[in-house]
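Worksheet for the structure shown next.
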Amino acid sequence: TSPSVNLEVASLDATGTTAIIRLTSKDLSVIDEQELSEIQFYNSDADGAHVSAYIKNIAAETYGRKGQLAFGVSTTNSTNAVEALRINENGNVGIGTTTPYTKLVVGSRGTAAATSILAYDGIAFDFYNDGPPYKRHGVIISQAADTSESVLDFNTKVASGTNSTKMTILGNGN
C-alpha cells in the first residue's frame, strides 16, 4: 500500500504467501535458443543509454518448456551487456560459453593460440581447445587410492594421442 521503492512486490496477507514476479511469453511458435523474457538493468549517463546487465530466459527446445538462464554484463562504459554466464536446462554452468556440456565449463576467448576450456564434471578438471571439435589436452583427476586417502593425477596428452600422467600427489602430500 505504501512502497518504499519504485517497484515493490509483497504478498497480499500475513499467511506467508510468496510474492511472485511473473514474465509471460504468449508466443505459440517458440524455437530452440529463442529469448522468451528478460530483465534489463538499464543505465543512462553522459555516454548515453545502455543495458549494463541483464537476466534472460532462453528456450532450450521447441515450445520453451525447458529453459535456460543467461546473465549478461557490460565490460565497457559505452556498450550494451553481452552474455557472460549461462545455466542450461540440465543445471550445467557455462562461463564464457553458451553451451556448457558438463557441470562447469569455463571458456577463454583469447587469441587462437591461447584459447582453452576448463570443464569440471565432479571427478576431473579437463582442459580442452576451444572447439568444436573439442580435443582434450590435459586433465587433473581426483580419485581415491583406497578408503583412507585421495590422489590427484596431473595428465597431459602425448604425441600418440593418449594421456600420460606427469605427476601424482597422494593424500599425505607426497
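Given the criteria open to solvent by 70 Å² or more (accessible area, probe 1.4 Å), within 25 Å of residue 8 (Cβ to Cβ) and modelled with pLDDT of 90 or more, does residue 69 qualify?
Numbers: open to solvent by 70 Å² or more (accessible area, probe 1.4 Å): yes; within 25 Å of residue 8 (Cβ to Cβ): yes; modelled with pLDDT of 90 or more: yes.
It is true that residue 69 is open to solvent by 70 Å² or more (accessible area, probe 1.4 Å), within 25 Å of residue 8 (Cβ to Cβ) and modelled with pLDDT of 90 or more.
When residue 63 is evaluated against the numbered criteria (1) at pLDDT below 85; (2) of a type outside the set (Lys, Arg); (3) open to solvent by less than 50 Å² (accessible area, probe 1.4 Å), which criterion, by number, is the only one it fails?
Among (1) at pLDDT below 85; (2) of a type outside the set (Lys, Arg); (3) open to solvent by less than 50 Å² (accessible area, probe 1.4 Å), residue 63 violates only (3).
Could you tell me whether any residue of the range 5-17 is open to solvent by 80 Å² or more (accessible area, probe 1.4 Å), closer than 18 Å to residue 72 by Cβ and out of contact with any Cys (no Cβ under 7 Å at 6 or more places or on another chain)?
no
Run residue 90 past the list (1) within 13 Å of the chain's Cα centre (by Cα); (2) assigned to a loop (DSSP other than H, G, I, E, B); (3) modelled with pLDDT under 90; (4) surrounded by 12 or more Cβ atoms within 10 Å (Cβ to Cβ) and report the number of the one that doesn't hold.
Status for residue 90: all satisfied but (3).
Give the number of residues within the range 36-71 that are in a strand (DSSP E or B) and closer than 16 Å to residue 99 by Cβ.
8
Which members of the range 18-28 meet the condition of being open to solvent by less than 80 Å² (accessible area, probe 1.4 Å) and either free of Cβ contacts under 8 Å to residues at least 24 places away in the same chain or acidic (Asp, Glu) (or both)?
Taking the range 18-28 and keeping what is open to solvent by less than 80 Å² (accessible area, probe 1.4 Å), we get 19, 25, 27.
If the condition is that a residue be open to solvent by less than 80 Å² (accessible area, probe 1.4 Å) and either free of Cβ contacts under 8 Å to residues at least 24 places away in the same chain or acidic (Asp, Glu) (or both), then 19, 27 are the ones that fit.
The values are calculated or read from the model by the stated rules, or taken from the named source; none is laboratory data. Remember, predicted model here, so these are calculated numbers, not experimental data. Glycine also receives a Cβ, built like all others from the backbone with ideal geometry; neighbour counts cover every protein chain displayed. Accessible surface is based on the protein model in full, side chains and every heavy atom, while ligands, DNA and RNA are left aside. Shrake-Rupley method; radii C 1.70, N 1.55, O 1.52, S 1.80 Å.
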